[in-house]
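Chemist: First, the structure itself, so that you have it in front of you.
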Amino acid sequence: MPVSAAPHRDLLAIPDFSSAELVALFDLADRMRRGEYRDRPLAGKTLAMIFMKASTRTRVSFEVGAYQLGGQASFLSPRDVQLGRGEPIADTARVLSRYVDGIMIRTFAHADVEELARYADVPVINGLTDLLHPCQILADLLTVRQHLGGWEGRRIAWIGDGNNMANSWLNAAYRLGFELAIACPAGYEPDAAILARARTATTVTLTHDPREAIAGAHVVNTDVWASMGQEEEQQRRERDFAGYTVDEPMMELASPDAIFLHCLPAHRGEEVSAAVIDGPRSRVWDEAENRLHIQKAVMAVLIGGVPLA
Ligand code: CP
Ligand code: NVA
C-alpha cells in the first residue's frame, strides 16, 4: 500500500488508453479467458470498491477478479461508509490511498469520479457513472472480438437511450474507428461533446428511426430505458421509447451474422423481446462473463504493474 504518491494511471474513460493499448488489454483478457494467464500480480494488494448504486455484475466480477489475481477486494456501500454521510470525496480518496492499492467506484456524477481520481494516490477505475460505463464497453468489445473476430469494417448499432452506455460506445468508436449507428428518441441523444469528438475520428450516424440504425448492423446493442437514478421517469420513458423494442422483426433488418448485446440487467418486453435476448443471436452471457476477464486485465495493468506489451 502506498505511503507516497507513486506514478499511476486511472481508467475513467476509454480514451484514457491509446488504441494500441486497448488491443494489448484485449489480448491479455483473451489469455485470461482461455486460462493461459496464471500470474498473481495483485498478491498482497487490495481493491476498494465504492458502490453508491446497485450492482450484480460489476461487484462480483471485480471481487472475483481481484481474488483470482492474488489480491482481495473490499466492498464499501454508502450505508456503511462515511462518504454516505457526507465525508468529502477528496478526504475519502486521501484516506483510502493510505490503505489500498486501487479504488473502483460506481456513482452518479462523473465529476465525483474525476475528483476522487484527482486526490487519490492509487489507480481509480470507473465502475459506472451517469455519463460513462467504460468497463462494460470494453467487455462488449471483447465479446465482439470473440464472436466476430474484431470490429474492423463492422457496423455497430445502438438502439435506445443516449446514456452512459451510448456515450462509452462513442468513446470506443473515437479510439478504435468503427462505424457507429445510434437511434434514440428526440430528447434522449448522447452527450453532445462526446458525440462531436467521436465524429472527428469515424462515421457516427444519429437518427430517431431505430430501423435505420439497425439496417445491416453486425452488432445490435441496447439498454434499459430508465437507468439507475431515473426510476421515477419510467412511465414517461416507456411512452417516449415506443417503437424502440429490439424484437425479431427488428433483428431481421440487421446483418445475417449479427449478434445481440445487452449490458444487463434487462427488462424483457421493454427494450428487448424475450425471443431476442434468449435467442440464437444473443451473446449476453458471454458479454457478462467478459466483464471478469477485461477487468482482470485492467487491474493487472493499473494495480499489478503488468506492462501493456
Ligand atoms: N452491466 C452492469 O454493470 O451490471 P451491474 O449493474 O449488475 O453491475
Ligand atoms: N444504463 C444503465 C446501465 C446499467 C449497467 C444504468 O446506468 O443504470
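The values are calculated or read from the model by the stated rules, or taken from the named source; none is laboratory data. Note that the structure is a prediction, hence the values are computed from the model and not measured. Note that we place each Cβ from the backbone using ideal geometry, even for glycine, and neighbour counts take in every protein chain shown. Calculation scope for accessible area: heavy atoms of the full protein, side chains included, ligands and nucleic acids excluded. Shrake-Rupley method; radii C 1.70, N 1.55, O 1.52, S 1.80 Å.
Chemist: Cβ neighbours within 10 Å, averaged per peptide: list 134-140, 54-60, 117-123, 281-287 in order, most packed at the top. Mind dumping the intermediate values first?
Modeler: Numbers: 134-140: 26.1, 54-60: 16.1, 117-123: 20.3, 281-287: 18.1.
Averaged packing, sorted descending, gives the order 134-140, 117-123, 281-287, 54-60.
Chemist: What dipole magnitude, in Debye to the nearest 20, does the stretch 69-112 give about its Cα centre under +1 on Lys/Arg Cβ and -1 on Asp/Glu Cβ?
Modeler: On the way: 5 positive and 5 negative charges, 11 e Å.
Value, rounded to 20: 60 debye.
Chemist: Compute the Rg to Rh ratio over the stretch 172-239 from the alpha carbon atoms, using the Kirkwood formula for Rh, and round to two decimal places.
Modeler: On the way: Rg = 13.3 Å, Rh = 13.4 Å.
A ratio of 1.00.
Chemist: What is the dipole size for the stretch 38-148, taken about its Cα centre, with +1 at each Lys and Arg Cβ and -1 at each Asp and Glu Cβ, in debye to the nearest 20? Intermediate results must be reported in sequence, preceding the final value.
Modeler: Values: 13 positive and 12 negative charges, 69 e Å.
So the magnitude is around 340 debye.
Chemist: With every protein chain left in place, what is the accessible area per residue of the stretch 161-309 in square angstrom, probe 1.4 Å?
Modeler: 39
Chemist: Cα-based Rg of the stretch 34-170 per 2.2 N^0.38 Å, rounded to two decimals? If you can, show how the numbers build up before the last one.
Modeler: Working: Rg = 16.4 Å, N = 137, 2.2 N^0.38 = 14.3 Å.
Compactness ratio reported: 1.15.
Chemist: Output the peptides 38-44, 85-91 sorted from most to least packed, where packing is the average of other Cβ atoms within 10 Å over each peptide's residues.
Modeler: On the way: 38-44: 14.0, 85-91: 12.3.
Descending packing order for the listed peptides: 38-44, 85-91.
Chemist: To check my understanding: the extent here is largest minus smallest coordinate of the Cα atoms along each principal axis. What are those three numbers for the stretch 160-199, in Å, largest first?
Modeler: Each principal axis gives a Cα extent; for the stretch 160-199 these are 26, 16, 15 Å.
Chemist: While we're looking at this one, here's another question. Ignoring ligands, DNA and RNA, please state the percent of accessible area on the chain from carbon and sulfur, probe 1.4 Å.
Modeler: Values: 6240 of 12610 Å².
Summing carbon and sulfur atoms, their accessible area is 49 percent of the total for the chain.
Chemist: Right, something else. Set Lys and Arg Cβ to +1 and Asp and Glu Cβ to -1, take the dipole of the chain about its Cα centre, and tell me which of Gly44, Gln82, Ile294 lies farthest positive.
Modeler: Final value for the positive-end residue is Gly44.
Chemist: Please express the Cα-Cα pair-distance distribution P(r) of the stretch 209-274 as a list of whole percents, one per 10 Å bin, running from 0 to the bin with the greatest distance.
Modeler: All Cα pairs considered, the percentages come to 21, 51, 24, 4.
Chemist: While we're looking at this one, here's another question. So what does log10 I(q)/I(0) come out to for the stretch 249-301 at q = 0.17, 0.30, 0.32 Å⁻¹, using the Debye formula with one equal point on every Cα and no solvent?
Modeler: Normalising to I(0) and taking log10 leaves -0.60, -1.19, -1.27.
Chemist: Past the 19 angstrom mark, what percentage of all C-alpha to C-alpha distances in the stretch 1-82 do you count?
Modeler: Working: 1805 of 3321 pairs.
Everything past 19 Å amounts to 54 percent.
Chemist: Right, here's the next one. Please give the contour-minus-distance gain from Phe108 to Tyr67: 0.36 nm per residue of separation, less the Cα-Cα distance, rounded to one decimal in nm.
Modeler: On the way: separation 41, 0.36 × 41 = 14.76 nm, distance 2.68 nm.
Full extension of this stretch gives 12.1 nm more.
Chemist: Could you give the dipole magnitude of the chain about its Cα centre, charging the beta-carbon of Lys and Arg +1 and that of Asp and Glu -1, in debye to the nearest 20? Intermediate results must be reported in sequence, preceding the final value.
Modeler: Details: 31 positive and 41 negative charges, 189 e Å.
With only Lys, Arg, Asp and Glu charged at Cβ, the dipole is about 900 debye.
Chemist: Taking the solvent-accessible surface of protein heavy atoms with a 1.4 Å probe, what is the per residue accessible area of the stretch 1-76 in Å²?
Modeler: Working: 3710 Å² over 76 residues.
That works out to 49 Å² per residue.
Chemist: Sticking with this one: Rounded to two decimals, what ratio of Rg to Rh does the chain give with C-alpha atoms and a Kirkwood Rh? Before the final figure, lay out each step's value.
Modeler: Values: Rg = 18.9 Å, Rh = 19.7 Å.
Computed over Cα atoms, the ratio is 0.96.
Chemist: Report the gain in length on full extension from Asp91 to Arg34: 0.36 nm times residue separation, minus Cα-Cα distance, nm rounded to one decimal.
Modeler: Contour length minus Cα-Cα distance gives 16.5 nm.
Chemist: If you don't mind, another one. Quickly work out the Glu238-to-Glu152 label distance, labels modelled 7 Å from Cα along the C-beta direction, and quote it in nm with one decimal.
Modeler: 4.6
Chemist: Please give the contour-minus-distance gain from Leu264 to Thr205: 0.36 nm per residue of separation, less the Cα-Cα distance, rounded to one decimal in nm.
Modeler: Working: separation 59, 0.36 × 59 = 21.24 nm, distance 2.45 nm.
Stretched fully, the Leu264-Thr205 segment lengthens by 18.8 nm.
Chemist: Which shape class applies to the stretch 70-135: rounded if a/c is under 1.5, otherwise prolate when a/b exceeds b/c and oblate if not, where a ≥ b ≥ c are the square roots of the Cα gyration tensor eigenvalues? Present the calculation step by step, with values, prior to reporting the outcome.
Modeler: Values: a/c = 1.31, a/b = 1.09, b/c = 1.20.
Here the stretch 70-135 falls in the rounded category.
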